[in-house]
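Here is the structure we will look at.
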Amino acid sequence: MKDNYEIYLDTETLDLPENLDGDILFELAFIVKNLRTNEIKKFQQYYAPENVDNMCIEAMERTSMTPELIKEKVQENTSTVDIKVILTKLVQNPENILFIHNAKFDLEVLKRISIVPKCKVICTLRVANIINDQTHLQYKSTRLSYLHYYYRNDLKIQAGDFHTADYDCLCLMELVNTWKEKVNLDMESAIKVTNNPINYIYCHFGKNRGLKWRDLSEGQLRYFYELNDPDICYTIDNL
């Protein structure tokens, strides 16, 4: 019997002034769950890109990492295998499922290191957005760190260092497990939400938070439409 896998992935990146094509990977982590045996394997690796010393202050603040720490982490790595090779093989199987919180960002990061998944992809940020809308905005935020504390009594982990890729992967896996139990998360529906616009019921920010889109004035709808958010534009187009 051929084994299929769930893959829970996160990346951490540098912001370099000269990098006009997007952020540069410095940490890659993913958890692989064998759907037949339930065996779980964890992978993590640091990279010190060229010009790492130019890492901006905002990236240091966001990740709690500095160029010096990144270099130390790279030197501590004793593995002879680059985990990018392992990941590349996993995401080429169209039956595997790759979970990412804010998949649009991380898929671009992977693309810049020549990894283009052919497997199924589920963006848990978009799943959280649709769950939130269907429950009249039970979440005040759909950030992974917020959801961790929201479900703190259900997740089987303790609070750790957010914005480290390995810990975010663990949170992500536990969040998906919790959704499977509490909201009957359906994989095919989650894939559709990932790949298609969301038709929201409720406005989810600002002074109009919690109001139905259909109850907003023409002026308010025009303002939101001009924000050019694809989901909001799709919602307004379907009123």
Of the conditions (1) within 22 Å of the chain's Cα centre (by Cα); (2) modelled with pLDDT under 95; (3) open to solvent by less than 40 Å² (accessible area, probe 1.4 Å), V52 fails just one. Which one is it?
(1)
Elements of type strands (runs of 3 or more DSSP E) in segment 1-100, at least 1 residues being small (G, A, S):
24-34
Just checking, which of L221, L147, L211, L175 is of a type outside the set (S, T, N, Q) and under 27 Å from P94 (Cβ atoms)?
L175
Subset tally (residues that are assigned to a helix (DSSP H, G or I), polar (S, T, N, Q) and closer than 30 Å to L98 by Cα) for segment 185-236
4
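Could you pull out the residue among L137, L87, L98 that is out of contact with any Leu (no Cβ under 9 Å at 6 or more places or on another chain) and among the aliphatic types (A, V, I, L, M)?
L137
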(1) in a helix (DSSP H, G or I); (2) under 19 Å from V193 (Cβ atoms); (3) touching a Lys or Arg at 6+ places or on another chain (Cβ under 8 Å): which one isn't true of L137, the others all being true?
(1)
Residues located in segment 22-49, provided they are farther than 15 Å from M173 by Cα, open to solvent by less than 30 Å² (accessible area, probe 1.4 Å) and within 17 Å of the chain's Cα centre (by Cα):
G22, L25, F26, E27, L28
How many residues, within segment 77-129, are among the charged types (D, E, K, R) and either in contact with a Lys or Arg (Cβ under 8 Å, 6 or more places away or on another chain) or over 21 Å from D166 (Cβ atoms) (or both)?
6
Filter segment 211-225 for residues that are among the charged types (D, E, K, R) and either open to solvent by less than 30 Å² (accessible area, probe 1.4 Å) or under 21 Å from R126 (Cα atoms) (or both) and give the result.
K212
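Listed residues I113, I100, I86; which is open to solvent by less than 20 Å² (accessible area, probe 1.4 Å) and either at pLDDT below 95 or among the β-branched types (V, I, T) (or both)?
Only one candidate qualifies: I100.
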Cross-chain or 6+ apart pairs with Cβ under 6 Å, segment 191-215 first and at positive phi, then at pLDDT 95 or above and open to solvent by less than 30 Å² (accessible area, probe 1.4 Å)
G210/L137
Residues that are farther than 30 Å from T66 by Cα and part of a helix (DSSP H, G or I): does segment 156-177 have at least one?
yes
I'd like the full set of residues that are of a type in the set (D, E) and surrounded by fewer than 16 Cβ atoms within 10 Å (Cβ to Cβ), limited to segment 160-210.
D161, E181, D186, E188
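The values are calculated or read from the model by the stated rules, or taken from the named source; none is laboratory data. As the structure is a computational prediction, the values presented were derived from the model and not from experiment. Here the Cβ is made from the backbone with ideal geometry for all residues, glycine too, and neighbour counts use every protein chain on show. Accessible surface areas use protein heavy atoms only, side chains included; no ligands, DNA or RNA. Shrake-Rupley method; radii C 1.70, N 1.55, O 1.52, S 1.80 Å.
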